Amino acid sequence: MNDERSTMADTATETEPTPETADEAAPPEAAPDGLKRRMSSRHLTMISLGGVIGTGLFVSSGETIHAAGPLGAILAYAAGSLLVYCVMICLGELSVAMPYAGSFHLYAKKFIGPGTAFAVAILYWLNWAVALASEFTAAGMLMKFWFPDSPEWVWSALFMAAVLALNLLSVRMYGEAEFWFSSIKVVAIVAFILIGAAAIVGFVPMSAQITGAAGAAGATGATGATGATGATGAAQITQNTGAPDSAPWFSNFYSGGWFPVGILPVFSTLLTVIFAFSGTEVVGVAAGETKDPQKAIPKAVHTTVFRLVIFFIGSIGVMAALIPWHRSGVSTSPFVMVFQAIGLPYAADIMNFVVLTAVLSAANSGLYVCARMVWSLGREDMISPALARTNAHGVPVRAVLVSMVGSMLCLLTSVFAADTVYLALVAVSGLATLVVWAAIVVCQMLFRRSLEREGTSADDLGYRVPLYPLIPVLALVLTAAVLVLILFDAAQRDTLLYMIPFTALCYAFYYVRAWWKARR
């Protein structure tokens, strides 16, 4: 770590970045360029889970079942899980071999080119900046469930300040906060699966019949964050006047046929499912601040993928078995519908709290990722190097503040330019995750080729992709399939119209800046 220090007027001591990569002689808790390795494998796993498990599962999963049918929804999530597994395995190999903070674009710079590295970093930053804006808006709306007369902006501002404080204190404080945020969501999901499974087989009687979902849908942001009304509104249920219903078992799976809406909706739903899994790649961003990455990263990769499959497919299976597919939707959380039908007291209040936790967890992870992208870009001199400075606690303060300002600007565009600028930002950010995933897989394949040229055996790697090259090739095939589906989906096609010119602008900016610097 560089010993030169400079004192800011109103902040702690900061460290100048160095151009080198990892410092082999650095102490165990020191990461390159002032960041510190303070996070353990439990932090890493929960951070990855926290970036994925959000309102998409707690609220919007009912719409997935409604659109594709029970079995179709499970198949869509299974296909999404397969893609996530392939990408995460590739990322695990890269992150163990090269545990850089802001890893995606550094891998792209090393194996593809600096222009691609810059474009990947900007796209990923934008994805989370837009997500941050919608999460803070959703948090304010969720609080109105308990305080209907309070202004939303006050709550949004309070949560902004809280998330900013967590990210400014230290990386360990961020990791601990995310660990407990994610733990609440995990407990809620496990309870839902266990109680729901007991209700399916008749161990827990259904005290009411689910006859529909009532209430207006909440406002939905870029990441599907749904407001208080939509997230936790009371389900329309009919209380049983006699004995509780007999065990439903799996009759709802085939009552309308195995594919009641046909097979094609399964493919269109796959787009939503893929984007619901975005956030797992945060493991790579945090690799540079993780203690003992050679052990922590493989454990986090396998644990994250396994838990996601169990949580998502398990939850979808319980919902599909207990809620008739044509009565699922986004107007009411399927979690609330099931808990109310079982007779759980204060089901809406409990789930409102869980969804609020999910929103804050996503915001916490979003600001962390944005800040590390800005820090890494500054460190590579792709933007101002001043943004790569860290304080005495290893926190890139300037990068955190710039990222928060960026998210606030995105929030303002949603208010004052919702049909123009904000629409374009949402469209571009919607495909950013898919671009990052493709870049990760391509980098892993080029990494293996570089090992072959150097005469290094893959067996010497601390962690390696099994069944190579099948896994990365399968990931690229699935990614290409999703892009093809986007071309044939009128609702998603516009994202490419915004994505292509924006990406071209990123390349143009980088090479024009590089040309200008070379002239000087």
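The values are calculated or read from the model by the stated rules, or taken from the named source; none is laboratory data. These numbers were taken from a predicted model, which means no experiment stands behind them. Every residue, glycine among them, receives a Cβ derived from its backbone with ideal geometry; neighbour counts consider all protein chains shown. For the accessible areas, the whole protein counts, side chains as well, though only heavy atoms, and no ligand, DNA or RNA atoms are used. Shrake-Rupley method; radii C 1.70, N 1.55, O 1.52, S 1.80 Å.
Things to note:
- In a DSSP loop and with at most 13 other Cβ atoms within 10 Å, the chymotrypsin sites (Phe, Trp or Tyr not before Pro) in the range 105-183 are 146.
- Computed from the C-beta positions of residue 485 and residue 153 and an R0 of 35 Å, the FRET efficiency is 0.40 to the nearest 0.05.
- Listed by chain and number, the lysines placed with their C-alpha closer than 17 angstrom to that of residue 299 are 291; residues fewer than eight positions away on the same chain are left out.
- Per-residue ³J(HN,Hα) for the range 353-367, Karplus 6.51 cos²θ - 1.76 cosθ + 1.60, θ = phi - 60°, Hz, x for Gly and Pro: 5, 5, 5, 4, 4, 4, 5, 5, 4, 5, 5, 4, 5, x, 5
- The share of alpha-carbon pairs in the range 68-141 lying farther apart than 16 Å comes to 68%.
- Here's how it looks for residue 390: its modeled amide H is under 5 Å from those of 15, which are all 5 or more places away or on a different chain.
- For the range 251-303, the convex hull drawn through the C-alpha positions has a volume of 110 cubic angstrom per residue.
- Two-site label geometry, residue 198 and residue 405: point separation in nm, points 7 Å out along Cα→Cβ: 5.3 nm
- Here the mean projected area of the convex hull built on the C-alpha positions of the range 312-455 is 15.0 nm².
- Rounded to whole Hz, the Karplus (6.51, -1.76, 1.60) HN-Hα couplings of the range 133-148, x for glycine and proline: 4, 6, 5, 5, 5, 5, 4, x, 5, 5, 5, 5, 4, 9, 10, x
- FRET E, pair residue 165, residue 254, Förster distance 60 Å, beta-carbon r, rounded to 0.05: 0.70
- Long-range amide H partners of residue 206 with built H, under 5 Å: 245
- Taking 0.36 nm per residue of separation and subtracting the current Cα-Cα distance, fully stretching the chain between residue 452 and residue 509 would add 17.1 nm.
- Shape metrics for the range 107-168, restricted to C-alpha atoms - Rg then Dmax, Å: 17.2, 55
- Per residue, the range 259-347 exposes 32 Å² of accessible surface when a 1.4 Å probe is rolled over the protein heavy atoms with every protein chain present.
- Whole-Hz Karplus values for the range 58-73 come out as 5, 10, 7, 4, x, 5, 5, 5, 5, 7, 10, x, x, 5, x, 5 Hz, taken residue by residue from phi with 6.51 cos²θ - 1.76 cosθ + 1.60 and θ = phi - 60°; glycine and proline positions read x.
- The range 282-318 and the range 477-502: distance between their alpha carbon centers, rounded to Å: 27 Å
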